[in-house]
1. Could you tell me the center-to-center distance, by alpha carbons, between the stretch 60-136 and the stretch 172-222 in angstrom?
2. May I ask you to compute the full-extension gain from Val147 to Met1, defined as 0.36 nm times their residue separation minus their alpha-carbon distance, rounded to one decimal in nm?
3. For a quick protection proxy, order the peptides 85-95, 186-196 by their average other-Cβ count within 10 Å, most packed first.
4. Using the structure shown, select from Lys188/Lys215; Lys94/Lys188; Lys70/Lys188; Lys44/Lys188; Lys164/Lys188 the pairs with a Cα to Cα distance greater than 19 angstrom.
5. Once the Cβ-Cβ distance between His39 and Lys124 is put in as r, and R0 is 35 Å, what FRET efficiency do you end up with, to the nearest 0.05?
6. Counting only residues 5 or more places away or on other chains, whose amide H sits under 5 Å from the amide H of Phe122 once H atoms are built in the peptide plane?
7. In terms of Cα to Cα distance under 15 Å, which aspartates and glutamates are near enough to Lys24, apart from those fewer than 8 places away along the same chain?
8. Which of Tyr125, Tyr160 comes first, and how do the rest follow, when ranked by fewest Cβ neighbours within 10 Å?
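FYI, it's all coordinate maths here, none of it is from the lab. This structure is a prediction, so every number in the text was calculated from the model and none was measured. Cβ placement follows ideal geometry from the backbone for every residue including glycine, while neighbour counts extend to all protein chains displayed.
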Amino acid sequence: MAYTIERVDCLPEVVAEWEHESWKKAQTLQIEHFWPLDHGHEPKTAVRMLHDGASISVIFRVEDQYIVAKGTEYQDRTHLDSCAEFFIEPVAGKGYLNFEFNCGGTLLLTYIEDARRTETGFEKYTHVPWDVVSGMEVHSSLSAPIVEEITEPTTWTLSYRIPKRVFETYVGPLESLVGMQMRGNVYKCADESSHMHWGYWADIGDELNFHQPDKFVPIGLA
């Protein structure tokens, strides 16, 4: 299993719809695997990515239900909400970043060098400060907070752009993203929905734990 982020001269506008022409070159990956302890809700989730050498654009399209989004501030615990996640290791052996957005566009982001669990989180990790991500463009079709659960079927989209300087903060200077070979995984979860679920693109094995960088799969940049 692998994914190629195709290169374009001009990235889609962050507000561009899923079907917009600017996304046509992107390959589509599907989150089709769900942990067997979910509560009967497996939202159909598709993801597209593109890059221009300086930034990566990401868009999720989720056919969802039982939607909550209580987090409204940067670094709120968005995985408890209806959440779409992209974990990426830019350079082998130099840690990974977990972009965890709820459906309202609120982000939790950590740089993790040692994902072994401890009482306080992980063996070695850093909460990414706001000034590193303050220039990121983000757009969601829903708005947080969503405290009273949306119970009717609802399709939502989330798109954002990751400048390479976010990676460079932790892995050092990158001349260009062109040709880089990264590793990662993509997830859909909602820990505190009435129909909690945990979906993943690449297999996570026998443990319900998204933080397993040894199970990340290749993500190449054309």
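1. 11
2. Additional length available on full extension: 48.9 nm.
3. 186-196, 85-95
4. Lys94/Lys188; Lys164/Lys188
5. 0.55
6. So Phe122 has HN proximity to no qualifying residue.
7. Glu6, Asp9, Glu13, Asp52
8. Numbers: Tyr125 18, Tyr160 23.
Going from least to most buried by this count: Tyr125, Tyr160.
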